[in-house]
Amino acid sequence: MNLTLGELRAIVVELGRDLSGAVLQRVRQPDEERLLLGFRGPGVSHELLICIAPRLARLHLTARSFRQPASPLGFCQKLRHDCIGARVESLTLPVDDRVVELALARGGSVERILVVELSGHHANALLCDRDRTILALMTASRSHQRALYPGRPYRTPETSGGPSLEGNARWRAATLDGGDEASELARAAEASELAPAAEASGPAPAAEASGPLARLSDTLDRRFEELEGLDDRRATWFALRRTVRQAQARIERTIAKVEAELSRASQAEQWKRRGELLKANLHLVARGVERVELTDYFDESLPTVSIELDKRLGPQDNLARLFKLYRKYSGARERINARVAELRAREEKLAALLVWIEQAEPDAGRDLTADGVYRLDAPPPRALEHLAERARSLGVRLETRACRKAEVAGGSGESLPYRAFVSSDGFPIWVGKGAKQNHLLSFRLARGSDWWFHVAGTAGAHVIVRCAKGVELPQETLLDAATLAVFYSRGRDVGSVDVQYCRVSELRRPRNAAPGLVYVTRPRGLCLREEPARLERLLGS
């Protein structure tokens, strides 16, 4: 549930009063979707949260703490380099849309503009210079209407019209404890009493900054914390249901295979009889035939029996094959029956577990209001934890978002398994730190739409370029990623190196292969010459 335009106007007024004249002292980026800016004003500190996650896009002050990565992401590094020590000159809504501009000044003139776009599934944050030329993006742009790349001039999105009155009404109804002043502020935004280009004109008195307006950020902070928690639980529920369904399908396929083995086991005596018959007539069998017709002298009626042979084998080898099948299946019937019973019992348990999981859907009517808004007083579905534990006891390997985060971080503040860089076009580039980290990067963290790079024919790091689905990789980004692949390989001292690349969805890991070993189903390649200037720029990103 993103902020509506009216809600955003209200929070911009609050932030303008709190942050006007404040100095940016700290920049942190917990992940690719959240940015924390620490400001210091006269006698007070503020932490501004900018979130560009789908359905949760917003900005407001926060008192929450977030786990930080061991090494800063590229956008965070750029903000620290360009903006630390700058003063907030203004905070504005430049157009009649959900776009906020934070102007940062040094020595009386604006040096940098942080643009925050909070619309729909294309939310983003961009750092621009005073001439509104893009310097960096928080995430690669998915827009098909605007070319948003570093070095290009920034263009605001087409306006989507005026404020949503229905959305503002929903905002007031959902306010937890904002008080009369917060409601008055929301009503003012709804009535367009706040101009689209509202901006801070000067620092607010300390008493005013800590009064009713401060509760608006508190309300948003608490509300979205609940929404994020519900989103995480829902993602866990989806992953749990999907994984149990997949386990159930695997068991059904296994049962079909085992029952086919049972059918063969019932024919064990036939394999023996055919072997004895072939043995008695081996001198009549020629090499390379697929079938032989023999008279069964063990039967009083002397029927003609057709025995299928492997034409690639000689008569003696075909005879050995028949007796091998007899030995394989002669004592297997009881064992196969026990295996089928065991699999069917497990299948029944998984089917029952799947019913419980369906009933534990986090927002199935219980957690939603009639108009589709999250109800925050809904009880948290603790049953998910017990259901996940039950799934593990049945041998189901869970691949939930929480499991992946724990696997990446190790639960103890360990460093990330990759080095982070930014291409000249603003695409994040991740470089694996070792064999195990390469495997984790390519098969756990990367998405199918991302691009994978590796030096051909020699050991080296896996390089991943984060790329949204349907977005083409620019030529400069392709060369940047290939340059890093060469630099972090044993071929770095060779003048000209071949680099192969593909979509992550085209990667496969051979069975029982060592960590980091992969093969590519649709390889592409390029021959790269050394470019010291390009490498120096990348290592400095």
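The values are calculated or read from the model by the stated rules, or taken from the named source; none is laboratory data. This one's a predicted model, so the numbers in the text were calculated from it and none came from an experiment. With ideal geometry, Cβ positions are generated from the backbone for all residues, glycine too; neighbour counts draw on all protein chains shown.
Tabulated data for the structure shown
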{"quantity": "Out of Val110, Val95, Val88, sole residue that is over 24 Å from the mean Cα position of the chain (by Cα), in contact (Cβ under 8 Å) with a residue 60 or more places away in the chain and either part of a strand (DSSP E or B) or not assigned by TED's automatic domain parsing to the domain that holds Gln25 (or both)", "calculated": "Val88"}
{"quantity": "Single condition Thr254 does not satisfy, out of (1) surrounded by fewer than 16 Cβ atoms within 10 Å (Cβ to Cβ); (2) polar (S, T, N, Q); (3) more than 23 Å from Leu343 (Cα to Cα)", "calculated": "(3)"}
{"quantity": "Those residues of segment 496-520 which are of a type in the set (S, T, N, Q) and either in contact with a strand residue (DSSP E or B) (Cβ under 6 Å, 6 or more places away or on another chain) or not assigned by TED's automatic domain parsing to the domain that holds Glu476 (or both), in sequence order", "calculated": "Ser496, Gln500"}
{"quantity": "Pairs, first buried (at least 16 other Cβ atoms within 10 Å of the Cβ) in segment 219-234, second part of a helix (DSSP H, G or I), C-beta under 9 Å, six or more apart", "calculated": "Thr219/Ala174; Thr219/Ala182; Leu220/Glu7; Leu220/Ile11; Arg223/Ala174; Arg233/Leu384"}
{"quantity": "Conditions (1) surrounded by 14 or more Cβ atoms within 10 Å (Cβ to Cβ); (2) on the phi > 0 side of the Ramachandran plot; number of the one not met by Arg534", "calculated": "(2)"}
{"quantity": "Exclusive hit being closer than 17 Å to Asp425 by Cα, among the small types (Gly, Ala, Ser) and crowded, with 16+ Cβ neighbours inside 10 Å, set Ala485, Ala461, Ala481", "calculated": "Ala481"}
{"quantity": "Residues of segment 143-155 that turn out to be at pLDDT below 85, over 19 Å from Asn2 (Cα atoms) and either of a type in the set (Ser, Thr, Tyr) or not in a loop (DSSP other than H, G, I, E, B) (or both), as a count", "calculated": "1"}
{"quantity": "Subset of segment 284-305 (residues that are closer than 14 Å to Lys272 by Cα and either touching a strand residue (DSSP E or B) at 6+ places or on another chain (Cβ under 8 Å) or part of a strand (DSSP E or B) (or both))", "calculated": "Asp296, Val305"}
{"quantity": "Test: residue in segment 61-71 that is of a type outside the set (Gly, Ala, Ser), without any contact (Cβ under 8 Å) to a residue 12 or more places away in the chain and either assigned to a helix (DSSP H, G or I) or more than 30 Å from Val465 (Cβ to Cβ) (or both)", "calculated": "no"}
{"quantity": "Qualifying position, being surrounded by 15 or more Cβ atoms within 10 Å (Cβ to Cβ), hydrophobic (A, V, I, L, M, F, W, C) and modelled with pLDDT under 70, among Ala388, Ala370, Ala409, Ala360", "calculated": "Ala409"}
{"quantity": "Condition check for Ala136: assigned to a strand (DSSP E or B) and within 20 Å of the chain's Cα centre (by Cα)", "calculated": "no"}
{"quantity": "Number of the condition not met by Arg264 [criteria: (1) basic (Lys, Arg); (2) more than 38 Å from the chain's Cα centre (by Cα); (3) surrounded by fewer than 18 Cβ atoms within 10 Å (Cβ to Cβ); (4) at pLDDT 75 or above]", "calculated": "(4)"}
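Here is a yes/no grid of residues against (1) outside the structural domain of Val100 (by TED's automatic domain parsing); (2) out of contact with any Lys or Arg (no Cβ under 7 Å at 6 or more places or on another chain); (3) surrounded by fewer than 22 Cβ atoms within 10 Å (Cβ to Cβ):
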site: Val12; (1), (2), (3): no, yes, no
site: Leu15; (1), (2), (3): no, yes, no
site: Gly21; (1), (2), (3): no, no, yes
site: Glu47; (1), (2), (3): no, yes, yes
